[in-house]
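**Student:** There's a structure below that I have some questions on.
Each value in this text was obtained by applying a stated rule to the coordinates, not by laboratory testing. For clarity, every value in this text was computed on a predicted model and none was experimentally measured. Here the Cβ is made from the backbone with ideal geometry for all residues, glycine too, and neighbour counts use every protein chain on show.
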Amino acid sequence: MLTFREKVDILRIQKEKETQKKLKHYTRPGFFDTDDKGWIVPPEDFHYELKPNHENGGIYGPMAWAENFYHLLDIHPPYIDPYSSLAGAYMTKMEWMGGHRWHPDHDYPELRKYHEKYNMVSGVGGSHHFHHDVGEIGFKLGWRGILDKIRYYQGVHEGDPDKLEFLKAEELVIQGIQVWIRHNADAARDAAAAQSDPDLKANLERMAAMNYKLIDEPPETFLEACQWLTWFLLQSSIFNGSGAGGALDILLKSYYDKDIAEGRLTEDEAVYHLACLLLKDTQYFEIGGTYPDGADRTNKISWHAIEASHWLRIPTALCLRIHENIDREFVRSSVKYMFEDKCSNPSYIGDRVLVEGFVKNGYSEELARTRYKTGCNWCALPGTEYTLNDTVKINMARVFEIAYQEMMEEGERSTERLWELFDKHLDTAIDVIKKSIDHHVKYAHLSRPEIALNFMCHGPIEKGVDISHGSVDYYNFGIDFCALGTVADSFAALDRAVNEEQTYTWEQIDEAIQSNWEGHELTRLYLKNTPHYGYGGTLADELAVKIVERLTHHTKKSPTPDGWNCIPGLFSWANTIGMGRAVGATPNGRGAKEPITHGANPEPGFRESGALTAMGLAVASVQPRWGNTAPIQLEIDPTLAKGEQGIENITNFLMTYCNDLGGSLVNINIIDRDKILDAYEHPERHPDLVVRITGFSVYFSTLSQDFRKLVVERIIQG
Amino acid sequence: MQTGRGNNQAEQPTGLVFDIQRFSVHDGPGIRTTVFFKGCNLRCFWCHNPESYSPRPQLSVYPDKCVGCGRCVAACAYGCHTTADGVKHAVDLTRCAACGACAKVCVAGSLVMVGKSMTVARIMKTVAADAPFYKNSGGGLTCSGGEPLLQADFVAQLLRAAKEAGIHTALDTAGNLPYEVIQQALPYADLVLFDCKAMDEAAHERVTGVSNKRILENLGRLAREGIPIWVRTPVIPGTNDTMENMREEAEFLSGLPGVKRLDLLPYHSLGAGKYRSLGMELDPSKVLTAPPKSEMERLAKAFEGADYELVVN
């Protein structure tokens, strides 16, 4: 009989094989430049096409989406692995099939003009990126209970056809999920019958019985809760790619405590079930953190979760929330595993700055402490907040470029004038984004409502209204700003060249920029070697802080015209490449179309030694501090954490950064240079090499050439 | 834009510094900021900081980065720089007055001045900025080199300023100075890192250029001052990597009350590129292979049972 850990080893090997299969199955460049989602390649005969309800090929409204979703779940192949304790896997996403288009009756050409001008990701038509409440809704009601609740509110709203259609659609979604679970239970039953190994047979029989029960009933045990959570998360991933897992150690605590107390579960078994859960998908789970009263909530499950991630050694999306009273040994253990496994797990979030910041929006500390990190860079309240997090981005490098072009055209050339124009255009861009958010809230539900998440939130079912359209208690829209380093360095380089040293005139610099440095390499090097943001004490450092002050001011000076609150953050996600392509050469010596700087990070290679301290101070100094994050991305050589003392040092760094400096989010890569360089040349030699891109981690070999280059340059120069 | 430039610090004493290493984790406890002072009175052949030898600023040359712009040729008053084929230039460092004019105009990072005069206030600005990291880790400021005590007045002032700011201080010395010089800095140092390179006097002189007599005497005296000492012994293949040497060192240290820890540090060859950049010859026969972990552990056995902490890196 295999041990739990041996089973996880087998599951990991299967996962690596599956990843290679996926690479062969989907060959479109850039397809894998995102989270290492846990979907698996479907059987060859599996095929599904969406049925549009509009002449433009789009699907509109709740019922049309629900009918499509139900049918897809009904024909979706079951997935049973005898080595896993949990049934199910997803093999497709509706995102890949098309069908989601903004409703043509609510087009927004005026806004779009500005989105294009400033190269913004507007958020209009954005989906999910908020957090559900499985603990209070799903785990308490079960699928049957949710169905009953939906039907009850159908009665309440029977006089309102729109609400009734919405609730009928939600009913159909739940029925689809139940059908999908039943198919998997049947498959587990059949697999059990065919299985000769007694241990695996018993596992499959248990899996079948558990899933027949969970079609209707809420979970009662730790294992059942893991399975229930799996079904909910996977269906939402199929529908529109949602990846919000939840505060894992709170969600599962009561089941764990009860099972342990009653002798139904061992600690090893709990780690195994968690590993099976984490393997299903890279859903974002938070661990650690505090209870609403501020007491440390680290429990056995928090420890088991990092152990499970350590057993797996695959990309996972666990995030450890650091606060002043956290068990230091817990943080230390996670660091130890991070260096041992070199899989960039977990990430770390700073409780202090997020709670203090969110409170500034008018909320209580108690509420702020329950705003869990359940996305790449973002937090949200479970089931009561709609955020559009990570879907609204302003490319400040493009804003800078427009300001620069305007200054050169109007004739008054000075760094002061450039700053004024940058500030003006930044204000305009933010203003447009606010109007765009209003447009989204008015009309998004008419395109693709959140039918796979509504029923797990407090309000949409009760009110018969989609979450995007005003049915939950809190609306706080995240606006992320990109290219801070590129812009701060550009301002500093210009100041040095035309003011301080007067080495170049505006006209000389402009000629070099317009030619994309062709024939002007010395000018480029001069500008590029201006002390950067991140070095500490430079003009670029001062300017980065001022830029963040301005973007925060413009964001916070008023809500959207319709009154929705907005919260600034700094995060470029994977857009560093795409946004770079939209911008010509910039005065920091960057070439046209080259990537912009990453999140709140300085330009890679900004200093030769001691980067960790310098970067920590720099990124802490540019936190907007309103409740959303400005992550720091660190590339650390494995030798830095050599031995016990090394692990201590990194633990101390994290505690200082989060608790003392007020840093919000830390993403770490532990990579040795030789390995990453070899993997760059020969990705096939390193199929198990995991790298962290931003808030998410992936297998390096699955990335596109552009992304591999970006990661390598960042790591080698960083 | 307010740039905030233009502080005139000309009247204040300065120290010659060749690097300030932040997130320094090998020069004392915790996360530290290590200030490296220029100038050394030892010539350890394995030294990986050859830029620390000279007590004066120096020009460091990285030919790979040169773009052949010729600005240095025009800027140099001493005729050090020449262009051979109009593409890459040659440097005659024997003529160099280390005025820094060429480095100032070099946009490619090919010419870099090593050694910067800095005031206590300027260094403390960086050191104090890193203070939050010291708090949780038990870190602080380390003065290293070169031999920092060749600038003892200045180093004492810097250590004092740090102590007054509540920052833990460490002094990293090779100890080859009159004891009175060491004493200048002691009131402001919380910890001394003391190098002990070889026990045999002739061998020590052969590989470092100086006798170890005064060094060991100083270590002996220092260890009775009540200040904690971490002894650091680099393991250099063919030089001090014998059980005999290690046993002798163990015996010597065993009677010293202030010694709290011994670090055995394996030789590494990371400094080879720096020699070239400074126009210095590095005898290829002196580029060694790093001792394997098993060898480090074998030598560490000589210190078993000591009442100080033994750390094998």
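**Student:** Among B:K135/B:K163; A:K393/A:K556; A:K17/A:K675; A:K424/A:K556; A:K93/A:K113, which pairs are too far apart, with a Cα-Cα distance over 23 Å?
**Tutor:** A:K93/A:K113
**Student:** Next question, about the same structure. Taking each residue of A:3-13 in turn, how many C-beta atoms of other protein chains fall within 10 Å of its C-beta, and what is the average?
**Tutor:** Going residue by residue through A:3-13 and averaging, the value is 0.
**Student:** Which percentage, to the nearest 5, of the DSSP beta bridges contained in chain B is antiparallel?
**Tutor:** Rounded to the nearest five, the antiparallel share is 35 percent.
**Student:** Shielding of B:65-74 by partners, i.e. mean partner chain Cβ atoms within 10 Å per residue?
**Tutor:** Across B:65-74, the average partner-chain Cβ count within 10 Å equals 1.
**Student:** Over chain A, what is the relative contact order in whole percent, taking alpha-carbon pairs under 8 Å and six or more residues apart?
**Tutor:** 16 percent
**Student:** Using only the Cα atoms of the range B:87-156, build the gyration tensor, take square roots of its eigenvalues as a ≥ b ≥ c, and label the shape rounded, prolate or oblate: rounded if a/c is under 1.5, else prolate if a/b is larger than b/c, else oblate.
**Tutor:** Prolate is the answer for the range B:87-156, as a/c is 1.5 or above and a/b outweighs b/c.
**Student:** Ranked from highest to lowest mean number of other Cβ atoms within 10 Å per residue, what is the order of the peptides B:187-196, A:618-627?
**Tutor:** A:618-627, B:187-196
**Student:** For the range B:58-114, just the Cα atoms, rotate onto the principal axes and tell me the three extents in Å, largest first.
**Tutor:** 24, 19, 16
**Student:** Let me ask something additional. How big is chain A on each of its three principal axes, counting only the C-alpha atoms and giving the largest first in Å?
**Tutor:** Largest first, chain A extends 81, 65, 51 Å along its Cα principal axes.
**Student:** Taking only Cα atoms and a 10 Å spring cutoff, compute GNM fluctuations for chain B and point out the largest among B:G238, B:G79, B:G255.
**Tutor:** B:G238
**Student:** I need to check one value: relative contact order of the range B:58-114, counting alpha carbon pairs closer than 8 Å and at least 6 residues apart, in percent.
**Tutor:** For the range B:58-114, the relative contact order is 47 percent.
**Student:** Work out the length of the dipole vector of the range A:242-297 about its Cα centre, built from +1 on the beta-carbon of each Lys and Arg and -1 on the beta-carbon of each Asp and Glu, and round it to the nearest 20 debye.
**Tutor:** Taking the Cα centre of the range A:242-297 as origin, the dipole is about 180 debye.
**Student:** If amide H atoms are built 1.01 Å from N in the plane of the peptide, which residues on other chains or at least 5 residues away come under 5 Å of the amide H of A:I567?
**Tutor:** Correct list: A:F477, A:G478, A:I479.
**Student:** Moving to a separate point now. Order A:69-82, A:409-422, A:387-400 from most to least packed using the mean count of other Cβ atoms within 10 Å.
**Tutor:** Descending packing order for the listed peptides: A:387-400, A:69-82, A:409-422.
**Student:** Of all DSSP beta bridges located in chain A, what percent are antiparallel, nearest 5?
**Tutor:** Just about 25 percent of them are antiparallel.
**Student:** Something else: Can you compute the FRET efficiency between B:E281 and A:D9 using 1/(1 + (r/R0)^6), with r the Cβ-Cβ distance and R0 = 56 Å? Round to the nearest 0.05.
**Tutor:** 0.55
**Student:** How would you rank A:S302, B:S294, going from fewest to most other Cβ atoms within 10 Å of each one's own Cβ?
**Tutor:** Lowest count first: B:S294, A:S302.
**Student:** Under a crude label model (7 Å from the Cα following the beta-carbon direction), how far is B:A272 from A:D268 in nanometres?
**Tutor:** Each label point is offset 7 Å from its Cα along the Cβ direction, giving 4.9 nm.
**Student:** Check A:A244: other-chain or 5+ apart residues with amide H under 5 Å from its amide H, H built from backbone geometry?
**Tutor:** A:Y284
**Student:** Partner chain Cβ atoms within 10 Å, averaged over the residues of B:18-25 - can you pull that number for me?
**Tutor:** 6
**Student:** Counting only other residues whose beta carbon sits under 11 Å from that of A:I349, what net charge do I get with K and R as +1, D and E as -1?
**Tutor:** Summing Lys and Arg as +1 and Asp and Glu as -1 gives +2.
**Student:** Report, in deg cm²/dmol and to the nearest 500, the calculated mean residue ellipticity at 222 nm for chain B, where each DSSP H run with n ≥ 4 adds -39500 (n - 2.57) and the sum is divided by the residue count.
**Tutor:** -8000 deg cm²/dmol
**Student:** Also: Over the range A:1-152, calculate the relative contact order: mean separation of alpha carbon pairs under 8 Å at least 6 apart, over the residue count, as a percent.
**Tutor:** Answer for the range A:1-152 is 21 percent.
**Student:** Could you check the simple spin-label distance between A:N361 and A:E420, using points 7 Å along Cα→Cβ, in nm with one decimal?
**Tutor:** 3.5 nm
**Student:** What does the charge count near A:P82 come to, summing +1 for each Lys or Arg and -1 for each Asp or Glu among other residues with Cβ under 10 Å from its Cβ?
**Tutor:** Charge balance in the 10 Å sphere: -1.
**Student:** Find how much the distance from A:A194 to A:D688 grows on full extension, using 0.36 nm per residue of separation minus their present alpha carbon separation; answer in nm with one decimal.
**Tutor:** 174.6 nm
**Student:** What are the lysines whose alpha-carbon lies under 19 Å from the alpha-carbon of B:K274, with same-chain residues fewer than 8 places away excluded?
**Tutor:** Within reach: B:K38, B:K65, B:K116, B:K286.
**Student:** Quick one: length gained pulling A:Q175 to A:K201 fully straight, 0.36 nm per residue minus the C-alpha distance?
**Tutor:** Full-extension gain reported as 6.5 nm.
**Student:** Determine the dipole magnitude for chain B: charges of +1 sit on the beta-carbon of Lys and Arg, -1 on that of Asp and Glu, nothing else is charged, the reference point is the Cα centre, and the result goes in debye to the nearest 20.
**Tutor:** Magnitude of the dipole: close to 1180 debye.
**Student:** Counting other C-beta atoms within 10 Å, which of A:E67, A:E501, A:E16 has the fewest, and how do the rest follow?
**Tutor:** Ordered by Cβ neighbours within 10 Å, fewest first: A:E501, A:E16, A:E67.
**Student:** Using the crude model of +1 on Lys and Arg Cβ and -1 on Asp and Glu Cβ, and no other charge, please compute the dipole size for the range A:89-142 relative to its Cα centre, in debye to 20.
**Tutor:** 140 debye
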